[in-house]
Amino acid sequence: MGKMMEISANKPVPAYIAYPASEPKGAVIVVHEVWGLVDHIKSVADRLAAEGYIALAPDFLASSSIDTQAIGGMQEALFDPKRRNQIQPVLRKLMAPTQSPEFGKQTTDGLKACFEYLYKLPEVHQKVAVMGFCFGGTYSFSLAVDEPRLKVAIPFYGHSDHDVNSLKQIKSPIYAFYGENDERLVSVLADLRQKMKRAGVNFTDKVYPGCGHAFFNDTNKFAYNPEAAKDAWSQVISILQKSFN
């Protein structure tokens, strides 16, 4: 349904864009997991387009030194209890470049450029949201902090380490989704709720029982939970409709 394009930024960002068949209801940036711009993320963009939204899925690993083919082959092993401990240190080593300040700045600049591109499209009527998964969920929180014109942020299993003063910059609602068994994120969720409350942010989260990290990813047989994913998708569409009205 979509096609590849390039977003102008300090470093050009390749991106997949999908258009609806009729007049757009708005636009959504879809930010990938640590695996990069894989078919799963493109399919999410296509599904959003089918619901009436322009969907833009940037590839923030394309210009990095990260071997996306190598890490892509580790996805199932990372979620397989029998192989997880063996794979985790290898993946951490491969993903180390994402922890550098340079990578963070480049990704943030690229995400802002994606927002600006969509915001200026006349047919979007300045209605732009962000939706991200894992890596992308974390950067969805960041865009909400940095961009007051954002209509809504929808992070899936993302992390936010912003302090209360930074969170006070957020103007848009945030709807966050987690799996109950995703201990690393769920263990700090109560603290995040408190910080959001102190910052005056309209923050809502939903934790799905019996699910872990990446429960929405239908290409991962170990992580995917079809019931939770179906419910979360219906929630996303409802959130977008409410936020863009």
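Every number here is computed from the coordinates shown, using simple stated rules; none is lab data. Values in this document were obtained by computation on a predicted structure and should not be read as measured data. Reconstructed Cβ throughout: ideal geometry from the backbone, glycine too, with neighbour counts over all protein chains shown.
A few comments on the model shown:
- Which numbered condition Q169 fails, given (1) more than 21 Å from V38 (Cβ to Cβ); (2) under 17 Å from the mean Cα position of the chain (by Cα): (2)
- K197 being part of a loop (DSSP other than H, G, I, E, B) and farther than 20 Å from M131 by Cβ: no
- Comparison of E33, E51 shows that the only residue that is touching a helix residue (DSSP H, G or I) at 6+ places or on another chain (Cβ under 7 Å), charged (D, E, K, R) and surrounded by 17 or more Cβ atoms within 10 Å (Cβ to Cβ) is E33.
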